[in-house]
Amino acid sequence: MSLSDGFLDELRSRISLGQVVGRKVMWDQRKSQPGKGDLWAPCPFHQEKTASFHVDDRKGFYYCFGCHAKGDAISFVRETENVDFMEAIEILAKEAGMTLPARDPRAAKQAEARDRLGEIMDQAVRYFRRALSTGPGAEARAYLDRRGLSEAARDRWEIGFAPAGWQGLRDHLTGQGVAEKDLLACGLIKDSSRGGKPYDTFRNRIMFPIRDPRGRCIAFGGRAMDPEDNAKYLNSPQTQLFDKSVTLYNHGRAREASGKGAQIVVAEGYMDVIALGEAGFTAVAPLGTAVTEAQLDMLWRMSGEPVVALDGDRAGLEAAKRVMRLALPKLKPGQTLNFALMPPGKDPDDVIRAEGPEGMQKQLAAAVPLVDLLWQEETEGRTFNTPDRRAALDAALKTRLGAITDETLRYHYSQALRDRQRELFRPAPRPRTGATGRGFPPRLPSAALPLDGTRRSFLAAADEGATDRVREAVILATCLATPQVVGDFLTRLELMECRDPLHLRVRDAILTCHGEGDAPLKEAVMARLGPEALDELMARDHVALCPAVRDAGNLETAELTLEGELAKLRAFRGWAEEMAEAQEEIAAAETEAMTWRLSQAAVARDRAARQEQEDRAEYDQGDNGARINRAERGALDAILGAIRFSKTKKSADS
């Protein structure tokens, strides 16, 4: 079975070499730059400890500087899966959602037909370009002049013109021996619904050739010269050559430029792409429809963070939100979008003509990340002055975050949105009006200082955040010691803020590795972070002495430890946040409400501390790690003693 070059090129453009290789290797996070498609790992073809295996995800090639293995996605699958060429093609085609050509002679005929149709499309390009320079194209040339497109620019973009006649292109190409059925297959003519001769698809329109990544013309886009025309822009219909849902205008040039580090801009239409290109930028555009999932994948293969540049009106903003909603489930580290909304009433072409390339560069530099657009969509034009409205915002954001499938990224999005919520809900400080009614500013409660004779422990000698870090370490070590309980605490672990950088890395690794693969959790985390990180965590005294760590695998002890430490961590941090907010507000004016908030915060903190002390004073730990109430144990011992005494007395009497 033979495969056409077009099929293989489309297959390579649809798959990501980084994803294919990533199933077999562990990327070196320090050396790799996923956003640039620059990935490094230990070579899967020979034994090594250093990351000498390089993948250029944008160009689709790999190379090992140790054993000199090299190739593309097809050769990688062949070598790692031990399959032949066609089996490798089948594996990759299934992943890309493509259907293999039938294994019969018709496949070769179809490939030949595609090549023949491609040649006809090139003939049409030449016809339209000549028509632009003739008398009927005068109005189109004047329009392009007003848009600032020089003759050299028209040549670079192969812009042409379709005359107003009904059968000009048809007559020209059939006169050169092109069969009418082939013109229909190309989408260049249409059958008449009135029984007449087929007529030209494009009439009285400025024509833009649409080429695939290999540079072959596969379709046309036409802009109407008549303002009364029903369709301002018209694309070729779907054909053997063209599917607009998996095609980007200017894809080939953009892919080549992205390999040299160019930023990719996503515009709305042909003229925006051309204007951006003439100003020195690299742009692509979907073809008259909203961006599709396939087009997103194509964009991310060129750039980890393409900038979506849209018109500065309500329609442009809504288009940006549609792209955002489509992208959320597909986001991953190093694969996101930024959004640059043009000034009101302008598109990128308008900005460039008014302010030049420098003005456009400012707009792109001011592009906002996807998380900002998400926040804007959920909060714009709304107030959150009641608990009900704040709770509704919480629920809405939680739903939106649920669309993000990557756990690590979802956590960081959650943190970013929580920061914005905290800032939004914080009352604005009121101006100071002087001393309070009692004649002096309010005094905040101060922390009790240890007595001079107090033995300085780790916690007493450290900063006030040390207690939090101790609890973080105990929680993480317990998860690694008894991973069976992690599933019940995933949400709380995800929401746990880690003050220690090491703890943050370990927590994220636990969330990422949990439930993935067959390797034990601790080994998976160690493979991701290296043994040094876990050695540093587990070697700390307060971790090594923790019963849940010493008694690894004890589910009851692990559950009690996680329940208790997470609850205490939340209570103490809640107290700290409440105190910080209350201090900001009380600095402006003392009121009974502020005093009550401070007293309640102190009560909550004392309750958490008292609970910890009571746990030590009123409970013993059994041999199995379970907590035993001392009072209940004493009562049980008394009953057992009475029973033994009664038996002893009966024995003596007898």
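Rounded to the nearest whole Hz, the Karplus-based 3J(HN,Hα) values (6.51 cos²θ - 1.76 cosθ + 1.60, θ = phi - 60°) of region 141-156 follow the sequence 5, 5, 4, 5, 4, 5, 7, x, 9, 6, 5, 5, 5, 4, 5, 4, with x at glycine and proline.
Between R156 and E378, what's the calculated FRET efficiency when r is the beta-carbon distance and R0 is 41 Å? Round to 0.05.
The pair R156/E378 has a calculated efficiency of 0.45.
Estimated at 0.36 nm per residue, the fully extended path between R418 and D394 surpasses their Cα-Cα distance by 7.7 nm. Annotation: amide H-H contacts under 5 Å for Q335 (H modelled 1.01 Å from N, sequence separation of 5 or more, or interchain): none.
Counting only Cα atoms, region 298-355 measures 36, 21, 15 Å along its principal axes, largest extent leading. If you take the square roots of the eigenvalues of the alpha-carbon gyration tensor of region 278-404 and sort them as a ≥ b ≥ c, do you get rounded (a/c under 1.5), prolate (a/b over b/c) or oblate? Judged from the Cα gyration tensor, region 278-404 comes out oblate (a/c at least 1.5, b/c at or above a/b).
Amide H contacts for L39 (H built 1.01 Å from N in the peptide plane; partners 5 or more residues away or on another chain; cut-off under 5 Å): Q33, V55, D57. So for region 5-96, what percent of the C-alpha to C-alpha distances run longer than 15 Å? When every Cα pair of region 5-96 is considered, 57 percent fall beyond 15 Å. Out of every Cα-Cα pair that region 217-284 contains, those further apart than 13 angstrom amount to 69 percent.
Taking a straight line from the alpha carbon of K522, these lysines sit under 27 Å away, with near neighbours fewer than eight places off in the same chain left out: K24, K31, K49, K332, K568. Of all lysines in the structure, the ones whose alpha carbon falls short of 19 Å from that of K362, not counting any fewer than 8 places away in one chain, are K346.
No value in this document is a laboratory result; all are computed from the given coordinates. Quick caveat: nothing in here was measured; it's all calculated off a predicted structure. Reconstructed Cβ throughout: ideal geometry from the backbone, glycine too, with neighbour counts over all protein chains shown.
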